[in-house]
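Okay, structure first, notes after.
The values are calculated or read from the model by the stated rules, or taken from the named source; none is laboratory data. Given the structure is predicted, the values throughout are model-derived calculations rather than measurements. Note that we place each Cβ from the backbone using ideal geometry, even for glycine, and neighbour counts take in every protein chain shown.
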Amino acid sequence: MKRILVVAAVIRSEGKILIAQRASDAHQGGLWEFPGGKVEAGETVVAALRRELEEELGIIATSYRPLIRITHDYPDKSVCLDVWEVSAFSGQAHGREGQPVRWVVPGELPDYAFPAANHPIITAARLPARYVITPDALGPAEYLHWLDERLERGVSLLLFRAPALAVDAYLQQAARMLMRCHRAGAKLILHGDPDFLRELPADGVHLPAQMLRRFSQRPVAGRFWLGASVHNAAELQHAETAGVDFVTLSPVRPTLSHPDAAGLGWEKFSEIAQAAHVPVYALGGVGEADVQEAWQSGGQGVAGIRGF
């Protein structure tokens with residue numbers, strides 16, 4: 001089938017995201033979607049984005065950036081969705097073509113029926129651009145101090161990685177950190193065995209690459225976030241088969257902890273991330289200053305320890 005290039009927008013305003021309902025006689029009619037439409041021949045994606053939002057919603061996008069690019073094959077149609085996040089616009093958004101529109105908080109998006117191709121977009125829309133990982137070998141009080149500093153900066157997704165701790169000590173420390181995260185409106189992801197979530201119902205679990213190999217299907221319930229560490233396209237494909245929500249792809253650059261590991265570089269990172277069907281965080285030798293580069297390379301954002 002010929003693949004149709006479609007531009008779509010995750011439009012944010014005052015903590016909410018705009019969704020629209022498809023006409024009943026349209027393809028996937030009656031389902032909700034992120035506004036957008038087909039990119040015409042000879043038209044750039046950005047030009048199509050601005051045109052579609054003006055035609056459909058009566059707004060002019062003034063600030064936008066890449067979010068995720070997804071390909072999906074339906075039985076009767078193949079689409080490539082080039083999705084952009086719109087953070088500012090002029091005008092009052094409304095269903096200019098008579099379509100119902102609704103502003104919803106990101107956490108409510110899974111409650112709406114979307115076309116299958118939109119599911120990775122829902123995930124990307126709910127995830128932040130920064131995924132912050134704890135440093136190794138801190139003491140109990142030091143972990144809490146480190147955490148408080150990040151929460152004060154507005155970090156909203158954290159991975160508690162502490163390979164030196166025994167399981168019981170790890171879970172006890174995680175419980176203390178989880179309380180602080182939830183008070184601040186942040187999410188805490190555990191690192192390692194999915195069974196940790198039976199002991200402590202945190203917000204999700206992140207599988208190291210060697211543990212990821214054990215799973216051929218999703219090992220946790222859908223209400224939890226499931227992340228995984230990958231280092232190449234083959235591991236990414238396996239992670240997608242295992243039903244992960246997102247991955248970290250590393251190392252983009254050599255790191256202090258693995259100085260002999262050659263970095264992928266942004267070109268290779270982009271090649272792998274652009275082919276993914278889940279959001280991809282850049283990891284390894286990157287930090288706050290690399291967020292824009294990660295976006296332009298097809299990534300969700302950046303993950304790291306020292307860079308934050």
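Among what's in region 202-217 and is part of a loop (DSSP other than H, G, I, E, B) and either of a type in the set (Ser, Thr, Tyr) or touching an Asp or Glu at 6+ places or on another chain (Cβ under 9 Å) (or both), pick the residue that is surrounded by the fewest Cβ atoms within 10 Å (Cβ to Cβ). Reasoning before the result, please.
Here is the first cut: in region 202-217, the residues part of a loop (DSSP other than H, G, I, E, B) are 202-203, 208, 213-217.
Now restrict to residues that are either of a type in the set (Ser, Thr, Tyr) or touching an Asp or Glu at 6+ places or on another chain (Cβ under 9 Å) (or both): 213, 216.
Working: Arg213: 12, Ser216: 10.
The qualifying residue surrounded by the fewest Cβ atoms within 10 Å (Cβ to Cβ) is Ser216.
Going by the conditions given, is Glu288 modelled with pLDDT under 95 and either buried (at least 24 other Cβ atoms within 10 Å of the Cβ) or farther than 25 Å from His119 by Cβ (or both)?
Values: modelled with pLDDT under 95: yes; either buried (at least 24 other Cβ atoms within 10 Å of the Cβ) or farther than 25 Å from His119 by Cβ (or both): yes.
Criteria met by Glu288.
Only one of these is out of contact with any Phe, Trp or Tyr (no Cβ under 8 Å at 6 or more places or on another chain) and either acidic (Asp, Glu) or not assigned by TED's automatic domain parsing to the domain that holds Tyr112 (or both): Glu33, Glu43. Name it. Lay out the reasoning, then the answer.
Details: Glu33 fails: out of contact with any Phe, Trp or Tyr (no Cβ under 8 Å at 6 or more places or on another chain).
Being out of contact with any Phe, Trp or Tyr (no Cβ under 8 Å at 6 or more places or on another chain) and either acidic (Asp, Glu) or not assigned by TED's automatic domain parsing to the domain that holds Tyr112 (or both) holds for just one of Glu33, Glu43, which is Glu43.
Mind checking which residues of region 10-29 are hydrophobic (A, V, I, L, M, F, W, C) and touching a strand residue (DSSP E or B) at 6+ places or on another chain (Cβ under 9 Å)? Steps first, please.
As a first pass, look at region 10-29 and keep what is hydrophobic (A, V, I, L, M, F, W, C): 10-11, 17-20, 23, 26.
If the condition is that a residue be hydrophobic (A, V, I, L, M, F, W, C) and touching a strand residue (DSSP E or B) at 6+ places or on another chain (Cβ under 9 Å), then Val10, Ile11, Ile17, Leu18, Ile19, Ala20 are the ones that fit.
Conditions tested, residue by residue: (1) surrounded by 13 or more Cβ atoms within 10 Å (Cβ to Cβ); (2) assigned to a strand (DSSP E or B).
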{"residue": "Leu18", "(1), (2)": "yes, yes"}
{"residue": "Ala47", "(1), (2)": "yes, no"}
{"residue": "Leu53", "(1), (2)": "yes, no"}
{"residue": "Ala61", "(1), (2)": "yes, yes"}
{"residue": "Tyr64", "(1), (2)": "yes, yes"}
{"residue": "Ile70", "(1), (2)": "yes, yes"}
{"residue": "Asp76", "(1), (2)": "no, no"}
{"residue": "Phe89", "(1), (2)": "yes, yes"}
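In region 91-145, what residues are surrounded by fewer than 14 Cβ atoms within 10 Å (Cβ to Cβ), among the hydrophobic types (A, V, I, L, M, F, W, C) and either within 28 Å of Arg176 (Cα to Cα) or touching a Leu at 6+ places or on another chain (Cβ under 9 Å) (or both)?
Val105, Ala113, Ala137, Ala141, listed by residue number.
Are there any pairs, at least 6 apart or on different chains, whose C-beta atoms fall under 7 Å, with the first in region 273-302 and under 13 Å from Ala124 (Cβ atoms) and touching a residue at least 24 places away in the same chain (Cβ under 8 Å) and the second among the polar types (S, T, N, Q) and assigned to a loop (DSSP other than H, G, I, E, B), and if so, which?
Final answer for the pair search is Ala273/Ser297; Pro279/Gln300; Val280/Gln300; Tyr281/Gln300.
Kindly indicate whether Leu81 is in contact (Cβ under 8 Å) with a residue 12 or more places away in the chain, closer than 30 Å to Arg306 by Cβ, touching a Pro at 6+ places or on another chain (Cβ under 9 Å) and in the same structural domain as Gln21 (by TED's automatic domain parsing). Please lay out each step first, then the result.
Working: in contact (Cβ under 8 Å) with a residue 12 or more places away in the chain: yes; closer than 30 Å to Arg306 by Cβ: no; touching a Pro at 6+ places or on another chain (Cβ under 9 Å): yes; in the same structural domain as Gln21 (by TED's automatic domain parsing): yes.
No, not satisfied.
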